[in-house]
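The structure's right below; bear with me while I get my questions together.
The values are calculated or read from the model by the stated rules, or taken from the named source; none is laboratory data. Please read these numbers as outputs of a predicted model, since none were measured by experiment. Here Cβ is always computed from backbone atoms with ideal geometry, including for glycine, and neighbour counts include all displayed protein chains. To get the accessible areas, we keep the full protein, side chains included, count just its heavy atoms, and leave off ligands, DNA and RNA. Shrake-Rupley method; radii C 1.70, N 1.55, O 1.52, S 1.80 Å.
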Amino acid sequence: MSKTVLITGASSGIGRATALLFQKQGWNVAATMRSPEKETELSKLPNVLCARLDVTNLSSIPKAIDDTLAHFKSVDVVVNNAGYALIGPFEASTPEQIERQFATNLFGVTEVTRAILPYFRETKNGTIINVTSMGGRITFPFYSLYHATKWAVEGFSESLLFELKPLGIRVKLVEPGPIRTDFYSRSMVIMNKPELEAYDELITRAMPNMQESGVKGASPEAVAKVIYRAATDNSWRLRYPVGSTAGLLLFLRRILPDRAFNGIIRRAVFR
Ligand SMILES: NC(=O)c1ccc[n+]([C@@H]2O[C@H](COP(=O)([O-])OP(=O)(O)OC[C@H]3O[C@@H](n4cnc5c(N)ncnc54)[C@H](OP(=O)(O)O)[C@@H]3O)[C@@H](O)[C@H]2O)c1
């Protein structure tokens, strides 16, 4: 019997590439998204169910899981991928912006996990793959709230594995470096208060460099391949960095003291 993967945020970028790869590999795919009525490609493929799931709309989560189980009779892997970046100086943020960032990037992950766990416990099987970022273990300027969510998902996942491993349930973290997707355009919410001039010079220096890294980033298909490996390698490995930038920076993060490592980031971003 074919296995089934449920993916959040499958309308574009990494989530979409992941849906296409698993489908090609013969899996059943629940490609969940906020607006499935707009989807024209995935919905035409065999063994793909485009289901409505907005990770901030709590009732849509169990509904999408129930629809997937009714359609495919199983769920073997859940990929928590939906997310976006709130960027800019922290002082420019509003409490509502922060709530939405955490509701999507962190509580979206915890609530999808909460909804699938009873089923995974019953079947004594299942893999939860959380797409964080190299920015879940290192930081860049003007991404403080995004990092707060991704570091939180890293801590959540690492701790969760202790309690789920004895039940036969795997937890994995896929940590991409810069990837060429809508992340750097429509999925980026920029915090801005014109009266906060104190940050203008730093922002003017940093933003083009950070946008450039997105343009030069790896493809979403490269991340999909790593997600597929994490889903199928039968290991209890927790972390899967993706791309040469993530590999290098996470290596340097491990061997260098804070001051030396963050000096490298500062020089690279404010050059
Ligand atoms: N691109 C990078 O450089 C990079 C690097 C590291 C980590 N990541 C992570 O990778 C994940 C996917 O991002 P991407 O690069 O593929 O960007 P993307 O193409 O912009 O995809 C983001 C996806 O998240 C969905 N989404 C946003 N809010 C949602 C919500 N409330 N409920 C359900 N879906 C929601 C979007 O759906 P709509 O179409 O409805 O907006 C879209 O499908 C994110 O978690 C991001 O933090 C990206």
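What whole-number value in Å² describes the accessible area per residue of segment 4-269 for a 1.4 Å probe? Write down the numbers at each step before the final one.
Working: 12480 Å² over 266 residues.
Accessible surface, normalised per residue, equals 47 Å².
Which helices, counted as full DSSP H runs in the chain, have an axial Cα extent of no less than 24 Å and a Kyte-Doolittle average of 1.0 or above? Before the final figure, lay out each step's value.
On the way: long enough: 144-164 (29 Å, 0.25).
Passing helices, by number: none.
Calculate, in nm to one decimal, what ARG271 and LEU248 gain on full extension: separation in residues at 0.36 nm each, minus their alpha carbon distance.
Working: separation 23, 0.36 × 23 = 8.28 nm, distance 1.92 nm.
Contour length minus the Cα-Cα distance gives 6.4 nm.
In nm, what is the difference between 0.36 nm times the number of residues separating ALA70 and SER213 and their Cα-Cα distance? Could you put the intermediate results ahead of the total?
Working: separation 143, 0.36 × 143 = 51.48 nm, distance 4.21 nm.
Length difference between fully extended and current span is 47.3 nm.
If the chain between THR232 and SER185 were fully stretched, how many nm would it gain, using 0.36 nm times the residue separation less the Cα-Cα distance? Kindly include the intermediate steps, with their values, before the conclusion.
Working: separation 47, 0.36 × 47 = 16.92 nm, distance 3.18 nm.
The THR232-SER185 span can extend by a further 13.7 nm.
I've got another one for you. Taking 2.2 N^0.38 Å as the expected size of a compact globular protein, what ratio does the Cα radius of gyration of segment 4-269 give against it, to two decimals? Could you put the intermediate results ahead of the total?
Working: Rg = 18.4 Å, N = 266, 2.2 N^0.38 = 18.4 Å.
Compactness ratio reported: 1.00.
Can you pull the percent of the chain's accessible area that's carbon plus sulfur, 1.4 Å probe, other chains left in place? Mind dumping the intermediate values first?
On the way: 7210 of 13020 Å².
With neighbouring chains kept in place, the figure for the chain is 55 percent.
Let me ask you something else. Given the rule -39500 (n - 2.57) for each run of at least 4 DSSP H residues, summed and divided by the residues of the chain, what is its mean residue ellipticity at 222 nm, to the nearest 500 deg cm²/dmol?
Working: 9 runs with 123 residues, N = 271.
It comes out at -14500 deg cm²/dmol, rounded to the nearest 500.
Beyond a 25 Å Cα-Cα separation, which of these cross-linked pairs lie in this structure: LYS38/LYS150; LYS63/LYS124; LYS44/LYS225; LYS24/LYS172?
Working: LYS38/LYS150 28 Å; LYS63/LYS124 22 Å; LYS44/LYS225 22 Å; LYS24/LYS172 22 Å.
Beyond 25 Å: LYS38/LYS150.
Another one. How many angstrom lie between the Cα centre of segment 197-271 and the Cα centre of segment 90-124?
22
Ok, one more. Which of the trypsin sites (Lys or Arg not before Pro) found in segment 117-216 are in a DSSP loop and have at most 13 neighbouring Cβ atoms, other than their own, within 10 Å? Walk me through the intermediate numbers first.
Numbers: sites: ARG121, LYS124, ARG137, LYS150, ARG170, LYS172, ARG180, ARG186, ARG205, LYS216; in loops: LYS124, ARG137, ARG180, ARG186, LYS216.
Answer by residue number: LYS124, ARG186, LYS216.
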